[in-house]
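What follows is a single structure, written as structure tokens, with notes after it.
The values are calculated or read from the model by the stated rules, or taken from the named source; none is laboratory data. Nothing here was measured: the structure is a model prediction, and the numbers come from that model. Virtual Cβ from ideal backbone geometry, glycine too; neighbours counted across all protein chains shown.
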Amino acid sequence: MLGVATVLINQSQGFLGQWAAADALERAGKLISDARALEPTSEGVLIGALRLLDAQHRWEDMIPAAERLIQAFPNRIEGYDSLATAKRYTGRAGEAVPLYEKSIRIDPRDPFLYNRYAFLGFALMQLQRWEESAIWVERSLAANPEAPRPIRSARYRILAADYAMTGRPDDAHRAVDEANKLWPFGTVRSNFPENPASLVLMAQIERLNNAQRLAGLRDHAEEDADFGVAPDDKLHQDLAGRTPTTGPGAATTTTAELVTFLAQRKPIVIDTALYSWGRSLPGAIGLKNAGLGGSFSDSAQDHLKAKMQELTKVIQRYRS
């Protein structure tokens, strides 16, 4: 049960290169609950519960759960890593640094050590300890040169910010170039706070954005770029890439045209909120991850259909 739950959680976060259906985390939660009924204090149950909280972005709840795992199994790195993650996302990166350092000492041969190097580097970047951050991000890249290209690209973008803020502009530009070669879809605006409720975290990501602009990373993708990609009627699991300028059964608009459209027509605005700063258009309704890949017959479509019917009935009653 825990094995299936882990696969579902990893799919929901894209760790396996794919996205699960909307109810995947509900299913994972049920499996973990059933496993807990059999072995309430096992390592696997405590770790599975932590991973679920992480996937649900329940950062505050992760803290006591991680502390319980550390107390029960002090040699399991998952407790330290999860506690560090929760601390970073709740504006306490200073407390995360020694936790990552301890997890590295506990298991210096872990095959995913390169991730912990990078997370430590990110925490140091949050604290504006740019030179130290660069050292650990460089170690991350060296530890696994075969890591997936989007991951390596993201780490080069962090490295570019570190270099830019330590007076190394040439190195910063080279890091941006390397990031773009590996994965050309990264922009400054693709950075977002995992926890918009933390004002400290939001300020830290703003600093990262400014540093990456200084390094030469492009700010955003051009909305009118035409890559000659033909539209289709499929839901794509890979959410980054070259996109068509039209979509079957849909009308597309530009940002400038949207301003007039909102004023004149007052439509229902749906914000899929994948990369959210906790801000949106006035009156927008947040349906996070409504645009994720899957199929037109999965459970996500049933949820979306019911929600859209509910919203359109409400607006019809309002207008009548």
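Which pairs have Cβ atoms under 6 Å, sit 6 or more apart or on different chains, and link a residue in the range 251-272 that is under 20 Å from GLU222 (Cβ atoms) to one that is β-branched (Val, Ile, Thr) and assigned to a loop (DSSP other than H, G, I, E, B)? Final answer for the pair search is THR252/THR246. All of (1) in contact with a Phe, Trp or Tyr (Cβ under 7 Å, 6 or more places away or on another chain); (2) among the aliphatic types (A, V, I, L, M); (3) within 19 Å of ALA221 (Cα to Cα) hold for ALA154 with one exception: (1). Of the residues contained in the range 53-65, one or more are found to be within 23 Å of ALA290 (Cα to Cα), in contact (Cβ under 8 Å) with a residue 60 or more places away in the chain and aromatic (Phe, Trp, Tyr). The residue list LEU239, LEU274, LEU235 contains one member that is assigned to a loop (DSSP other than H, G, I, E, B), assigned by TED's automatic domain parsing to the domain that holds GLU310 and either modelled with pLDDT under 90 or in contact with a Leu (Cβ under 6 Å, 6 or more places away or on another chain) (or both), which is LEU274.
Evaluation of GLN264 against the conditions (1) touching a strand residue (DSSP E or B) at 6+ places or on another chain (Cβ under 9 Å); (2) farther than 25 Å from ASN191 by Cβ; (3) polar (S, T, N, Q) shows that the sole unmet condition is (1). Can you spot a residue in the range 123-136 that is surrounded by 15 or more Cβ atoms within 10 Å (Cβ to Cβ), basic (Lys, Arg) and part of a helix (DSSP H, G or I)? Scanning the range 123-136 turns up no residue that is surrounded by 15 or more Cβ atoms within 10 Å (Cβ to Cβ), basic (Lys, Arg) and part of a helix (DSSP H, G or I). Among residues of the range 87-114 that are modelled with pLDDT of 95 or more, those with a beta-carbon under 8 Å from a residue that is among the hydroxyl-bearing types (Ser, Thr, Tyr) and assigned to a helix (DSSP H, G or I) at least six positions away or on a different chain give the pairs ALA96/THR85; LEU99/TYR80; TYR100/TYR80; LYS102/TYR80; SER103/TYR80; ILE104/TYR117; ILE106/TYR80; TYR114/SER140. Against the conditions (1) under 22 Å from ASN191 (Cβ atoms); (2) in contact with an Asp or Glu (Cβ under 9 Å, 6 or more places away or on another chain), TYR275 satisfies every one except (2). Which count do you get for residues in the range 190-222 that are exposed (fewer than 14 other Cβ atoms within 10 Å of the Cβ) and closer than 23 Å to LEU239 by Cα? The number of residues fulfilling the criteria is 3. Within the range 282-289, can one find any residue that is within 30 Å of GLY94 (Cβ to Cβ), of a type outside the set (Ser, Thr, Tyr) and assigned to a helix (DSSP H, G or I)? No, the conditions are met nowhere in the range 282-289. Among the candidates ALA86, ALA142, the residue that is surrounded by fewer than 16 Cβ atoms within 10 Å (Cβ to Cβ) and either outside the structural domain of PRO196 (by TED's automatic domain parsing) or not in a loop (DSSP other than H, G, I, E, B) (or both) is uniquely ALA142.
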